[in-house]
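Here it is: the structure, laid out below.
Please treat every number below as a calculation from the coordinates, not as lab data. If you're wondering where the values come from, they're calculated on a predicted model, not measured in any experiment. Positions of Cβ are backbone-derived with ideal geometry, glycine not excepted, and every protein chain shown enters the neighbour counts.
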Amino acid sequence: MLTALREIRIGTHAPIQVIDISDQVRALLDESGVKEGLLTLISSHTTAFVSLNESETRLHEDMVDFLTRLAPREAGYRHDVSPVDDRHNAHSHLLGLFMTASQSIPIVAGELLLGGWQAILFIELDGPRACRTVQVQILGAG
């Protein structure tokens with residue numbers, strides 16, 4: 001069995017941002033030599049997540065608008081009264097209730113088993129941040 005554990009580093013520039021990391025993940029898969037198996041991604045953060053969805057610029061803008069309306073930043077959240085890291089980010093944690101930190105994707109014939117419109121998206125909810133990380137574990141046979 002082949003195994004690989006890699007990390008993707010992402011800098012973000014907006015408070016809420018959608019970033020397609022599909023190409024980076026595919027490159028790591030290619031480097032691993034795994035042809036049949038499973039790839040798992042996990043965000044290392046409580047205010048940034050990974051999602052499978054369509055990668056289209058206007059849809060990403062709609063996603064940001066929707067998330068901004070769903071949990072407005074200045075809504076008087078208790079967590080923001082005395083935040084542990086000096087960031088008023090309660091809205092980010094609340095939005096995270098509707099997201100997942102990890103995704104597992106089957107690998108078949110050296111390719112990720114994704115639908116035609118599915119992409120791997122990194123969702124920043126508490127930016128900007130200089131460095132965010134996604135851990136990528138690849139398990140399988142060559």
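Going by the conditions given, is Gln17 under 13 Å from Phe122 (Cβ atoms), free of Cβ contacts under 8 Å to residues at least 60 places away in the same chain and of a type outside the set (D, E, K, R)?
Working: under 13 Å from Phe122 (Cβ atoms): yes; free of Cβ contacts under 8 Å to residues at least 60 places away in the same chain: no; of a type outside the set (D, E, K, R): yes.
No.
Scan the range 93-109 for residues that are among the aliphatic types (A, V, I, L, M) and part of a loop (DSSP other than H, G, I, E, B) and jot them down.
Taking the range 93-109 as the starting set, the residues that turn out to be among the aliphatic types (A, V, I, L, M) are 94-95, 97, 99, 101, 105, 107-109.
Selection gives Leu97, Met99, Ala101, Ala109.
Given the criterion small (Gly, Ala, Ser), more than 15 Å from Gln17 (Cβ to Cβ) and in contact (Cβ under 8 Å) with a residue 40 or more places away in the chain, identify the matching residue among Gly33, Gly116, Gly76, Gly127. Reasoning before the result, please.
Numbers: Gly116 fails: in contact (Cβ under 8 Å) with a residue 40 or more places away in the chain; Gly76 fails: in contact (Cβ under 8 Å) with a residue 40 or more places away in the chain; Gly127 fails: more than 15 Å from Gln17 (Cβ to Cβ).
Result of the check over Gly33, Gly116, Gly76, Gly127: Gly33.
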